[in-house]
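Engineer: For reference, the structure I am asking about is given below.
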Amino acid sequence: MARAVVDPSRAPVAFGLQQPQSEVRQRVRTSRCDQSVNEVSSMELNDANLQTLTEFLRKTLDPDPTVRRPAEKFLESVEGNQNYPLLLLTLLEKSQDNVIRVCAAVTFKNYIKRNWRIVEDEPNKISDPDRTAIKANIVNLMLSSPEQIQKQLSDAISIIGREDFPQKWPDLLTDMVTRFRSGDFHIINGVLHTAHSLFKRYRHEFKSNELWSEIKLVLDTFALPLTELFKATIELCQTHATDVNALKVLFSSLTLISKLFYSLNFQDLPEFFEDNMETWMSNFHGLLTVDNKLLQTDDEEEAGLLELLKSQICDNAALYAQKYDEEFQPYLPRFVTAIWNLLISTGQEVKYDLLVSNAIQFLASVCERPHYKHLFEDQNILTSICEKVIVPNMEFRSADEEAFEDNSEEYIRRDLEGSDIDTRRRAACDLVRGLFTSLASKAQTQKHGITQANELVNLTEFFVNHILPDLQSSNVNEFPVLKADAIKYVMIFRSQLPKEHLLRAVPLLITHLQAGSTVEHTYAAHALERLFTMKGPENTTLITPAEMAPFTEQLLNNLFKGLALPGSAENEYIMKAIMRSFSLLQESIVPYIPTLIGQLTHKLLLVSKNPSKPHFNHYLFESLCLSVRITCKSNPATVSSFEEALFPVFTEILQNDVQEFLPYVFQVMSLLLEIHSNSIPSSYMALFPHLLQPVLWERTGNIPPLVRLLQAYLEKGNATIAGSAADKIPGLLGVFQKLIASKANDHQGFYLLNSIIEHMPPESITQYRKQIFILLFQRLQSSKTTKFIKSFLVFVNLYCVKYGAIALQEIFDSIQPKMFGMVLEKIVIPEVQKVSGAVETKICAVGITKILTECPAMMDTEYTKLWTPLLQALIGLFELPEDDSIPEDEHFIDIEDTPGYQTAFSQLAFAGKKEHDPIGDAVGNPKILLAQSLHKLSTACPGRVPSMLSTSLNAEALQFLQGYLQAATVQLV
């Protein structure tokens, strides 16, 4: 804005967030904790504080939650104090108890994870002196610590580096590189591990000038010392060829160096590495052919150092073959030969899986490149590849069978979710796909399965002859591997199979939900869930509730029984299938809800003790929302039954501060409260003060659902709040004040403010209105973003709709003379085109219409000169496309950007809120309203309106306005 619209020093404003500790926090803190808070509040680096911290760290390891949770709360309450991180570093360096040292290291890393990032408009959670001290000491401390602690500190350095390197930590890299000269490989490996943590993000970062600059700085400082270290380490391997302990350390270094090579070469081929390709590639080739008996392990499961190094070299070679094939061409034939020999000489043991899959992936990446095709065209070579590589690595080994039976979660993760990148079978399939055009499937997506198939394979015939008989077998527990694969076939080829065959499969899949094999009943649940999402004609579900009617009871029974099977107590696939079944069946589930809601709440109570499966928990809450929605749709009165069932569990979650579940609980409570008619039960009002506690609003993930819950309170309980809880209104406005101070959350502050303006009795907030506007102007002065202006415009116009244009003009001018005109001229007229959304546009249109036609000051004062430009802006809002431009210098924070590593907000799809129109049916078409209002104004001031229009409204806008007047069948006089 051209000049300050309000002098903040003249208007100190502060609404208060409710300050008292919540009952939950008070209950959690023991008197010992309270005493210790006082002891450690100053957090000086002294023995007493170190002793107190040691005691609480030890308690955080206690399996008893009544001991552990208060200790965790205590540490959370003091972590904002200066010197807290330095106390942790002192403990992990000097404590005599190794368990406490490791615990301090883990606590320190998690503290850095949560608090190091500085979020704009948020308080700095770590003091500047502490930040400086940490960066000055952490590298030395990391390098001199035992391996267990070194890893935690290395991770902490990479988190700090992600935020501060290179600008705020320019000497980090040079400090680390100088340690290469130490000759101590414990120190060198610490540096390499930290560098790997720091640089591996280059593998998935989007290209940008900032990224190029950082990589160039890293290469200038790091590439040459890394290459020298690589050569020296290989020489040392030869010198110490008979010393097994030395070799283990050296090969660990070589593996880390190879990983760093991959990260530094991923974005583009650096000039340094192109110039030194001979050094790297000849040594990589040599390492591929090394076979030192001393490094071979007897363990058949765990990959040894040799396997890990060779796997990484295969990855590096594949990267060069794919991205830098022209420069890599001279080296390719010898790598193909070496990797081929590696493949045909490596056994079937599990420890070689990563090596074999990476080696096959290398061949797959090579055969896909047009100018390497000649290497694979010979019939004998193809035969050899099939016999010696593809077929042996497709085999279902005893180790796979063991995983199927004893480690089903990992088996499912690899087989079903496609995270089997490092399995032999996936690599062999990729090689087949690379060598030949796929025989059966041409296109596949995670969402729809196979979408195109080759005519050479009759998928339906195969289903009828081979899949159906397996699924129809009366004994679901016989041949579980075969049955799991048969179910997987239905799932993958569902889009290609006719509907009648899918309907034949549904009851068979429901039966397989009872199979004892975790993989088998999980696949059955997943297949049903996928079938229930398939779309038929007119975008309805392919399978209808009517077609499911004969199986509904058995489906619901078997799904819930599935959760009682060993290994599936928190099976996310079964819970997702429950959610999808509710969604498909709709009213058909109502008779079963009394039983099902009991089972769901019992399950919620159990998982809330120790939330460990985020997907399972999400689908559980979605299923609860569906139960509420579907039942209350036909009978809103049943909402009280749901509250009786859910509130005891919700109370326990709130009292125990189960952070992962709070955003979900608030969403379900909002859904329940929104179903009530215009009244609010006392159980909700008892909770209301606690929702204003500052601790809840500190967590980013709580903000969207809490705002929605408070909006529901305002909608349903405005009279109760204004009457019996009027003392909480400053707390409510305190929440608004906190939110609008943040660029990330200001829109949430406006959602809350708009609900206050719309629903609260006018007299209950009269005394606060001026302060609200002053706060908004202070934020406009300090940080004017596009998002804030859009929200501000909607609020100003909603205020105008609710209280009238005169009230709006008077409150602006009471803050500072002529401010109303300045807001119109500097904000409303130039910026209203940026407003988006049907409801938001309607609010602005109605508000501006009121300013134009119901505010005498617009006709009789110096504000009159703004009348025509404001009308022009309104017609532009109706007729011109939305202005979605954002100023180049604006650092725009994405709404979903979650600072730090807090519990993120997960929106429940089935708790969704309907879009609310505060104006509603009172105004159908804002263009007609404008025409009618102008007609009314012109009748009151004959001749004035046509005269103002003819002198300064442009011709195109005038034409549009004539259209509105004709549509409204009125004219101006």
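The values are calculated or read from the model by the stated rules, or taken from the named source; none is laboratory data. Note that this is a predicted model, so its numbers are computed, not measured. Cβ atoms come from the backbone with ideal geometry, glycine included; neighbour counts cover every protein chain shown. Surface areas here come from the heavy atoms of the whole protein model, side chains and all, with no ligands, DNA or RNA. Shrake-Rupley method; radii C 1.70, N 1.55, O 1.52, S 1.80 Å.
Engineer: From 228, 214, grab the single residue that is assigned to a helix (DSSP H, G or I) and modelled with pLDDT under 95. Spell out how you get there, then give the answer.
Structural biologist: On the way: 228 fails: modelled with pLDDT under 95.
It is 214.
Engineer: A further question on this structure: Return yes or no: is residue 865 part of a helix (DSSP H, G or I), over 43 Å from the mean Cα position of the chain (by Cα) and surrounded by fewer than 21 Cβ atoms within 10 Å (Cβ to Cβ)? Break it down stepwise before answering.
Structural biologist: Numbers: part of a helix (DSSP H, G or I): yes; over 43 Å from the mean Cα position of the chain (by Cα): yes; surrounded by fewer than 21 Cβ atoms within 10 Å (Cβ to Cβ): yes.
Taking the combined requirement at face value, the residue satisfies it.
Engineer: List the helices (runs of 4 or more DSSP H) that sit entirely inside segment 503-579 and contain at least 1 residues that are of a type outside the set (A, V, I, L, M) and closer than 21 Å to residue 618 by Cα.
Structural biologist: Values: elements: 518-533, 545-548, 552-562.
Of the helices (runs of 4 or more DSSP H) lying wholly inside segment 503-579, those with at least 1 residues that are of a type outside the set (A, V, I, L, M) and closer than 21 Å to residue 618 by Cα span 518-533, 552-562.
Engineer: For residue 958, state whether it is without any contact (Cβ under 8 Å) to a residue 24 or more places away in the chain and touching a Leu at 6+ places or on another chain (Cβ under 9 Å). Explain how you work it out, then say what you get.
Structural biologist: Working: without any contact (Cβ under 8 Å) to a residue 24 or more places away in the chain: yes; touching a Leu at 6+ places or on another chain (Cβ under 9 Å): yes.
Taking the combined requirement at face value, the residue satisfies it.
Engineer: Tell me which residues, restricted to segment 298-307, are buried (at least 17 other Cβ atoms within 10 Å of the Cβ) and either small (Gly, Ala, Ser) or not in a helix (DSSP H, G or I) (or both).
Structural biologist: 303, 304, listed by residue number.
Engineer: Check every one of the helices (runs of 4 or more DSSP H) wholly within segment 622-736 and list those with 1 or more residues that are under 15 Å from residue 755 (Cα atoms). Steps first, answer last, please.
Structural biologist: Working: elements: 639-655, 662-675, 682-687, 694-697, 703-724.
Qualifying helices (runs of 4 or more DSSP H): 662-675, 703-724.
Engineer: One residue is enough: does segment 329-349 have a residue meeting the conditions farther than 21 Å from residue 287 by Cα and in a helix (DSSP H, G or I)?
Structural biologist: no
Engineer: Hey, another quick one. What's the number of the condition residue 729 fails, among (1) open to solvent by less than 10 Å² (accessible area, probe 1.4 Å); (2) among the β-branched types (Val, Ile, Thr); (3) closer than 23 Å to residue 651 by Cα?
Structural biologist: Of everything listed in (1) open to solvent by less than 10 Å² (accessible area, probe 1.4 Å); (2) among the β-branched types (Val, Ile, Thr); (3) closer than 23 Å to residue 651 by Cα, residue 729 misses just condition (3).
Engineer: Now for a separate question. Restricting to segment 483-492, name every residue that is open to solvent by 20 Å² or more (accessible area, probe 1.4 Å) and without any contact (Cβ under 8 Å) to a residue 60 or more places away in the chain.
Structural biologist: Of everything in segment 483-492, those that are open to solvent by 20 Å² or more (accessible area, probe 1.4 Å) and without any contact (Cβ under 8 Å) to a residue 60 or more places away in the chain turn out to be 485, 489, 492.
Engineer: On to the next question. Among the residues of segment 88-137, what is the count of those that are over 20 Å from residue 44 (Cα atoms) and acidic (Asp, Glu)?
Structural biologist: Summing the residues that are over 20 Å from residue 44 (Cα atoms) and acidic (Asp, Glu) in segment 88-137 gives 4.
Engineer: Give the residues of segment 444-457 that are exposed (fewer than 12 other Cβ atoms within 10 Å of the Cβ) and either touching a strand residue (DSSP E or B) at 6+ places or on another chain (Cβ under 9 Å) or at pLDDT 80 or above (or both), sorted by residue number. Break it down stepwise before answering.
Structural biologist: Narrowing segment 444-457 to residues exposed (fewer than 12 other Cβ atoms within 10 Å of the Cβ): 445-447, 452, 455-456.
Across segment 444-457, the qualifying residues are 445, 452.
Engineer: So the check is Cβ under 8 Å with 6+ separation or different chains; which pairs have a first residue in segment 468-482 that's β-branched (Val, Ile, Thr) and a second one that's surrounded by 16 or more Cβ atoms within 10 Å (Cβ to Cβ) and not in a helix (DSSP H, G or I)?
Structural biologist: What qualifies is 476/514; 476/515.
Engineer: Which of the following residues is surrounded by 14 or more Cβ atoms within 10 Å (Cβ to Cβ), of a type outside the set (Gly, Ala, Ser) and either at pLDDT 85 or above or under 23 Å from residue 524 (Cβ atoms) (or both): 503, 435?
Structural biologist: Working: 435 fails: either at pLDDT 85 or above or under 23 Å from residue 524 (Cβ atoms) (or both).
The unique qualifying residue is 503.
Engineer: If you go through segment 316-327, how many residues are part of a helix (DSSP H, G or I) and surrounded by fewer than 19 Cβ atoms within 10 Å (Cβ to Cβ)? Walk me through it before giving the result.
Structural biologist: Within segment 316-327, the subset part of a helix (DSSP H, G or I) is 316-323, 325-327.
Narrowing further to those that are surrounded by fewer than 19 Cβ atoms within 10 Å (Cβ to Cβ): 322-323, 325-327.
Summing the residues that are part of a helix (DSSP H, G or I) and surrounded by fewer than 19 Cβ atoms within 10 Å (Cβ to Cβ) in segment 316-327 gives 5.
Engineer: Give segment 264-276 a look and list any residue that's assigned to a helix (DSSP H, G or I) and either of a type in the set (Asp, Glu) or open to solvent by less than 10 Å² (accessible area, probe 1.4 Å) (or both), or say none. Give the steps one after another, and end with the answer.
Structural biologist: Narrowing segment 264-276 to residues assigned to a helix (DSSP H, G or I): 264-266, 271-275.
264, 265, 271, 273, 274, 275 - these are the residues of segment 264-276 that are assigned to a helix (DSSP H, G or I) and either of a type in the set (Asp, Glu) or open to solvent by less than 10 Å² (accessible area, probe 1.4 Å) (or both).
Engineer: Which ones in segment 823-862 are more than 36 Å from the chain's Cα centre (by Cα) and open to solvent by 30 Å² or more (accessible area, probe 1.4 Å)?
Structural biologist: Restricting attention to segment 823-862, the residues satisfying the condition of being more than 36 Å from the chain's Cα centre (by Cα) are 823-826, 829, 846-862.
Those that are more than 36 Å from the chain's Cα centre (by Cα) and open to solvent by 30 Å² or more (accessible area, probe 1.4 Å): 825, 826, 829, 850, 854, 856, 860, 861, 862.
Engineer: Where residues in segment 712-726 are touching a His at 6+ places or on another chain (Cβ under 9 Å) and open to solvent by 30 Å² or more (accessible area, probe 1.4 Å), which of them is nearest to residue 765 (Cα to Cα)?
Structural biologist: Ranking the candidates gives 718 first.
Engineer: Any residue in segment 285-297 that is closer than 18 Å to residue 359 by Cβ and part of a loop (DSSP other than H, G, I, E, B) sitting within a Cβ distance under 8 Å of a residue that is open to solvent by less than 80 Å² (accessible area, probe 1.4 Å) and of a type in the set (S, T, N, Q)? List the pairs, counting only those 6 or more apart or interchain.
Structural biologist: Within 8 Å, the pairs are 289/341.
Engineer: Still on this structure, please answer the following. I need the full set of residues from segment 359-383 which are in a helix (DSSP H, G or I), over 36 Å from the mean Cα position of the chain (by Cα) and surrounded by 10 or more Cβ atoms within 10 Å (Cβ to Cβ), in order please. Give the steps one after another, and end with the answer.
Structural biologist: Initially, segment 359-383 is screened for residues in a helix (DSSP H, G or I), giving 359-367, 370-376, 379-383.
Filter again for over 36 Å from the mean Cα position of the chain (by Cα), leaving 367, 370-376, 379-383.
Those that are in a helix (DSSP H, G or I), over 36 Å from the mean Cα position of the chain (by Cα) and surrounded by 10 or more Cβ atoms within 10 Å (Cβ to Cβ): 367, 371, 372, 373, 375, 376, 381, 382, 383.
Engineer: Can you tell me which residues in segment 748-762 are open to solvent by 10 Å² or more (accessible area, probe 1.4 Å), in a helix (DSSP H, G or I) and not polar (S, T, N, Q)?
Structural biologist: Of everything in segment 748-762, those that are open to solvent by 10 Å² or more (accessible area, probe 1.4 Å), in a helix (DSSP H, G or I) and not polar (S, T, N, Q) turn out to be 751, 758, 759, 762.
Engineer: Also, quick follow-up: Given the conditions (1) among the polar types (S, T, N, Q); (2) open to solvent by less than 80 Å² (accessible area, probe 1.4 Å); (3) assigned to a loop (DSSP other than H, G, I, E, B); (4) at pLDDT 90 or above, report the number of the one that residue 52 does not fulfil.
Structural biologist: Of everything listed in (1) among the polar types (S, T, N, Q); (2) open to solvent by less than 80 Å² (accessible area, probe 1.4 Å); (3) assigned to a loop (DSSP other than H, G, I, E, B); (4) at pLDDT 90 or above, residue 52 misses just condition (3).
Engineer: Another question, if that's okay. Within the set of pairs 6+ apart or on separate chains, which have a first residue in segment 208-233 that is closer than 22 Å to residue 251 by Cβ and open to solvent by 40 Å² or more (accessible area, probe 1.4 Å), a second that is of a type outside the set (Gly, Ala, Ser) and at pLDDT 95 or above, and C-beta atoms under 8 Å apart?
Structural biologist: 231/279; 231/283
Engineer: Still on this structure, please answer the following. When you check residue 798 against the structure, is it within 29 Å of residue 925 (Cβ to Cβ), out of contact with any Phe, Trp or Tyr (no Cβ under 9 Å at 6 or more places or on another chain) and open to solvent by less than 20 Å² (accessible area, probe 1.4 Å), yes or no? Talk me through it step by step, then tell me what you get.
Structural biologist: Working: within 29 Å of residue 925 (Cβ to Cβ): yes; out of contact with any Phe, Trp or Tyr (no Cβ under 9 Å at 6 or more places or on another chain): yes; open to solvent by less than 20 Å² (accessible area, probe 1.4 Å): yes.
When the stated conditions are applied, residue 798 passes them.
Engineer: Identify, please: which residue in segment 552-583 is among the charged types (D, E, K, R) and closer than 16 Å to residue 615 by Cβ and is, among those, surrounded by the fewest Cβ atoms within 10 Å (Cβ to Cβ)?
Structural biologist: So in segment 552-583, the residues among the charged types (D, E, K, R) come out as 553, 561, 570, 572, 576, 580.
Now drop any that are not closer than 16 Å to residue 615 by Cβ, which leaves 570, 572, 576, 580.
On the way: 570: 18, 572: 21, 576: 22, 580: 23.
Checking each candidate, the answer is 570.
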